[in-house]
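These notes are about the structure you will find just below.
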Amino acid sequence: MQDVASLVTQAREGRPRAVARLISLVEGASPQLREVMAALAPLAGNAYVVGLTGSPGVGKSTCTSALVTAYRRQDKRVGVLAVDPSSPFSGGALLGDRVRMSDHASDPGVYIRSMATRGHLGGLAWAAPQAIRVLDAAGCDVVLVETVGVGQSEVEIASQADTSVVLLAPGMGDGIQAAKAGILEIGDVYVVNKADRDGADATARELNHMLGLGESRGPGDWRPPIVKTVAAREEGIDEVVEALEKHRAWMEERGVLVERRLARASREVETIAVTALRERIADLHGDRRLSALAERIVAGDLDPYRAADSLVEGLTEG
């Protein structure tokens, strides 16, 4: 058993091993998870959470690394949660070495963690909300969350981040892909990366046109900017940081930031409650109550919805 209070204290002091152990407790759904979350709750709520998403090959890791460099120039502590696909053999993160971010490995002001999706759809790992809270409570000023890059199912990042950045690249059909994935609805800032390639201006124009077609914004509403970058050379990254800061200021001024964080907390509570209920239902397999309800459904005495209501009532009362 880990000494949670000691780990939290060490994490606040910037010790990476303590942060790693706390996130491992989260990922492994440790019996100490409730104790960890209770200890972190008063310490979290200060970090600015930025999500980066986009289809594979657009340069998410390179852009994330460049953003880390930019924020470190501002002397901000940065946490990076890089969600990778799972190995079909070990269940671990396939890209866990994060080669493109190795430049920051020795920087004590940067913490980088790879997490495996473990089959969870939406571009994020199921434990991502709690892992974000660990990095937040550990004193990170900015937490960058890079999604797995799974195409049409990675829009979940919009529900976990304060600001969502959508990356596209020329020559990849990303305009059509963005429309198909619903990404045009989730982006707060759009980045056309690899802008030194042919077609970058056309991609930006197409994206601007699509955003205009779907626009139903009133005066004072946020209009997502489109920033062109060459992240491998850190070109345009300062403009991305500027766009992020403008969006944060806009949200704070209008109360949107608080609304997003309240919605995020509500979804997290709902997910935990549903997961707990599902586990209790799973424990009923072979239970006489479930068998009795099934027999009544087959006999035509009961419909499955009323049976489910009866089951839920029994579980919640118990």
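The values are calculated or read from the model by the stated rules, or taken from the named source; none is laboratory data. Computed from a prediction, not measured in an experiment: that's the story for all the values here. Heads up, the Cβs are rebuilt from the backbone with ideal geometry, glycines too, and the neighbour counts pull from every protein chain shown. Please note that ligands, DNA and RNA were not included when accessible areas were found on the heavy atoms of the full protein model with its side chains. Shrake-Rupley method; radii C 1.70, N 1.55, O 1.52, S 1.80 Å.
Put simply, the amide H of Met115, placed in the peptide plane, has neighbours under 5 Å in Ala82, Val83, Asp84, leaving out anything fewer than 5 places away on its chain. Model label points for Ala105 and Asp309, set 7 angstrom from Cα along the Cα-to-Cβ axis, are 5.9 nm apart. Under a 5 Å amide H cut-off, with hydrogens placed 1.01 Å from N, Val49 pairs with Val143, Asp162, Thr163 among residues at least 5 apart or on other chains.
Overall, the accessible surface of the range 2-66 at a probe of 1.4 angstrom is composed of carbon and sulfur to the extent of 50 percent.
Subtracting the Cα-Cα distance of Ala5 and Arg289 from their residue separation scaled by 0.36 nm leaves 98.1 nm.
Coupling constants for the range 235-246 follow from the phi torsions by the Karplus curve (6.51 cos²θ - 1.76 cosθ + 1.60, θ = phi - 60°), and in residue order they are 7, x, 5, 4, 5, 5, 4, 4, 5, 5, 5, 5 Hz; glycine and proline get x. Using the Karplus relation 6.51 cos²θ - 1.76 cosθ + 1.60 with θ = phi - 60°, the per-residue 3J(HN,Hα) values for the range 298-314 come to 5, 6, x, 7, 8, 8, x, 5, 5, 5, 5, 4, 4, 5, 4, 4, x Hz, with x marking Gly and Pro. Rounded, prolate or oblate: which fits the range 1-47 when a ≥ b ≥ c are the square roots of the eigenvalues of the alpha-carbon gyration tensor, with rounded for a/c under 1.5 and prolate only if a/b beats b/c? Because a/c hits 1.5 or more and a/b fails to exceed b/c, the range 1-47 counts as oblate. Sorted on the mean count of surrounding Cβ atoms within 10 Å across their residues, most packed first, peptides 196-208, 301-313 read 196-208, 301-313. Amide H contacts of Lys228: Val192, each under 5 Å away and 5 or more positions distant or on a separate chain (H built 1.01 Å from N in the peptide plane; Pro and chain starts excluded). Note on the range 214-291: with neighbouring protein chains present and a 1.4 Å probe, carbon and sulfur make up 53 percent of its accessible heavy-atom surface.
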